[in-house]
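The values are calculated or read from the model by the stated rules, or taken from the named source; none is laboratory data. Note that this is a predicted model, so its numbers are computed, not measured. Please note: Cβ atoms are built from the backbone with ideal geometry, for glycine as well, and neighbour counts cover all protein chains shown. These area figures cover heavy atoms from the full protein model, side chains too; ligands, DNA and RNA do not enter into them. Shrake-Rupley method; radii C 1.70, N 1.55, O 1.52, S 1.80 Å.
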Amino acid sequence: MTALRLVLGDQLSRDLASLSDLAAGDVVLMAEVADETTYVGHHKQKIAFVLAAMRHFAEALRRDGVTVDYVQLDEAGNTGSFPGEIARAVARHRPERIVLTEPGEWRVLEMMRALEADLGVKVEIRDDTRFFATRGRFRRWAADRQSYRMEYFYREMRRETGILMDGEKPVGGQWNFDHDNRARLPRDIPVPKRRRTPPDPITAEVLVLVARRFPHHFGDLEPFGWAVTREDALAALDHFVADCLERFGTYQDAMRAGEPFLFHALISPYLNVGLLDPREACAAAEAAYRAGRAPLNAVEGFVRQILGWREYVRGIYWLHMPDYAAINALGARRRLPWFYWSGETDLNCIRTVVEDIRRTAYAHHIQRLMVTGVFALLAGVEPAEIEEWYLAVFIDAYDWVELPNVHGMVMFADGGLLASKPYAASGAYIDRMSDYCAGCVYSPAVKSGPGACPFNLLYWHFLLVNEPTLGRNPRLAMPYRTLARFSDERRAEIVREAEAYLESLDDRAPALQP
Ligand code: FAD
Ligand code: DLZ
Ligand code: SF4
């Protein structure tokens, strides 16, 4: 036997770099390990999704004649860790070398880097080629810049890949159609019924395992309708392009109670574990545009999320880890309110989104950014606390994508490395983009006193307490000019009301781990 080829739970792609030169006699190692299922209290559907997708991928490899050594979670002797399972596999197979694709997380990369010295076997770690830009490519782009902005990176990626380009020019004469993508969703626009994949016997067995092993983890396990094979993930992409893409752009930022998915793609879990490739997702959307089946604002908006944001946040992660996670530029220290886990709150927007996530393990980007995110920002929640929540509750959450989105985009904890300003907003934004406020005990129109929306109370308080750090940010010039006109009494009232509200929040620690 020559090579032991490790495939992690988020590396389920046949064109994975570490499988490209698979030879007779090689063994592919896949291991379900307790450490990965519990390093945060993942949503039950996320654990089920990853384990079911791993088992299906192993079956598909075997059908193609590949030798797969697959260790199940409950198997006798399972050490519960990647290093432990690799050591056992080395003892079983005596490989000449171990080949793997770079893991998506710093934490796991560190583990893999230690293997060679620990096991005395040569370890080859290959670039992850499933992204448009390798880590080296992003580093070159970032090299001589004082500050990074997604938009410039995105344009360079458009030019480099030719996606949505007419020669040297962007299709439609414009790089970005974001201003067309901010409409509120009118009542009479129907939302498409979403495709679900019923669990097959392999997935059903995993659901039983997860119900038994992880009863205390957040979220409902069933109904479980996620795709767990490449074929079904491709069908989910086709369904999105055929039934949702046309309106994806216009209503990309809209929210409606009882409709968590709207026109979103629901493909991030598949992209992140490798069942779908970002290139094929962009190509499918571009083909729909070129065939006249989807408008440019929708297709450009979708491509920008994948070719722009997804690549950009990954680049920032690898450029700045491990120090990135430790910066706390706004000095935020508050414990996470308990209602992020329980959903028990009279803030209708947060209650609705937390309930959606409990049922589906999903929320779209505006729910994540402008509802659960903005509240945590305004309340001054400690970045590590809110990051653990985001990593736990979403089916698509992995450190490389969750951390920059939360630490940088939501919490501005990196001091503006990723985004040029914090997304601080009062209740007016949620009122404009959703129907949540109509069912709330608070009013977005009331700024202070009884019935005032807590987002309103906290918005001015946030600007006040962070004035030393944010006061000179040119993108916040307008609200700071308004704040400068407030009387001393008004400022004192804001501080008094906001701090009384913050003191009233229940911050008991969750007991999620089994
Ligand atoms: P759509 O809205 O249909 O977008 C299409 C695709 O674009 C997504 O599948 C995703 O791959 C990509 N995309 C869109 N926005 C982003 C972004 N900001 N960063 C990276 N990729 C993006 N995405 C994750 O995959 N994992 C996470 O852990 C995660 N955490 C987030 C936390 C916060 C606070 C915010 C604001 C965003 C986060 N996102 C994360 C990005 C985004 O919310 C999800 O990718 C998206 O909601 C997934 O649903 P969808 O497939 O329906 O996406
Ligand atoms: C998320 C996850 C879970 C829940 N379980 C496993 C597992 O049992 N085995 C495995 O190989 N991978 C799992 N994963 C995905 C890993 O956490 C992921 O590979 C690392 O976070 C690196 O990105
Ligand atoms: Fe949320 Fe405020 Fe609207 Fe209530 S009034 S739903 S708290 S934004």
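Values as computed for the structure displayed
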| read-out | value |
| --- | --- |
| Built amide H within the under 5 Å cut-off of L29, gap 5+ | R5, L6, V7, D69 |
| Amide H within-cut-off set for L73, under 5 Å, with H built and near neighbours excluded | E32 |
| F412 - accessible surface, heavy atoms, 1.4 Å probe, Å² rounded to 10 | 10 Å² |
| Computed helical MRE - 222 nm, the chain, DSSP H runs ≥ 4 contributing -39500 (n - 2.57), nearest 500 | -12500 deg cm²/dmol |
| Relative contact order (percent, whole number), the chain, Cα cutoff 8 Å, 6+ residue spacing | 17 percent |
| Solvent-accessible area of W141 with every protein chain in place, 1.4 Å probe, in Å² to the nearest 10 | 10 Å² |
| Normalised contact order of segment 3-126, rounded percent, pairs of Cα under 8 Å and 6 or more residues apart | 34 percent |
| Around G219: net Lys/Arg minus Asp/Glu count, Cβ-Cβ under 12 Å | 0 |
| Accessible area of segment 401-476 belonging to carbon and sulfur atoms, whole % at 1.4 Å probe | 57 percent |
| Using alpha-carbon coordinates, inclination of helix 230-243 to the longest axis of the chain, degrees | 30 degrees |
| Net +/- balance of residues flanking K122 in space, Cβ distance below 9 Å, scoring K and R +1, D and E -1 | -2 |
| Per-residue HN-Hα couplings for segment 285-301 [Karplus 6.51, -1.76, 1.60; θ = phi - 60°; Hz; x = Gly/Pro] | 5, 5, 4, 5, 5, 5, 8, x, 9, 8, x, 5, 4, 6, 5, 5, x |
| Nonlocal amide H pairs with R126, under 5 Å, H built at 1.01 Å | L100, T101, E102 |
| In Hz, Karplus ³J(HN,Hα) per residue of segment 410-415 (6.51, -1.76, 1.60; θ = phi - 60°; x = Gly, Pro) | 7, 8, 6, 6, 8, x |
| Solvent-accessible area per residue, Å², over the chain with all protein chains present [probe radius 1.4 Å] | 40 Å² |
| Principal-axis tilt of helix 383-393 within the chain, Cα atoms, nearest 10 degrees | 60 degrees |
| Solvent-accessible area of R359 with every protein chain in place, 1.4 Å probe, in Å² to the nearest 10 | 110 Å² |
| ³J(HN,Hα) computed for each position of segment 113-118 - Karplus, 6.51 cos²θ - 1.76 cosθ + 1.60, integer Hz, glycine/proline x | 5, 7, 4, 4, 5, 6 |
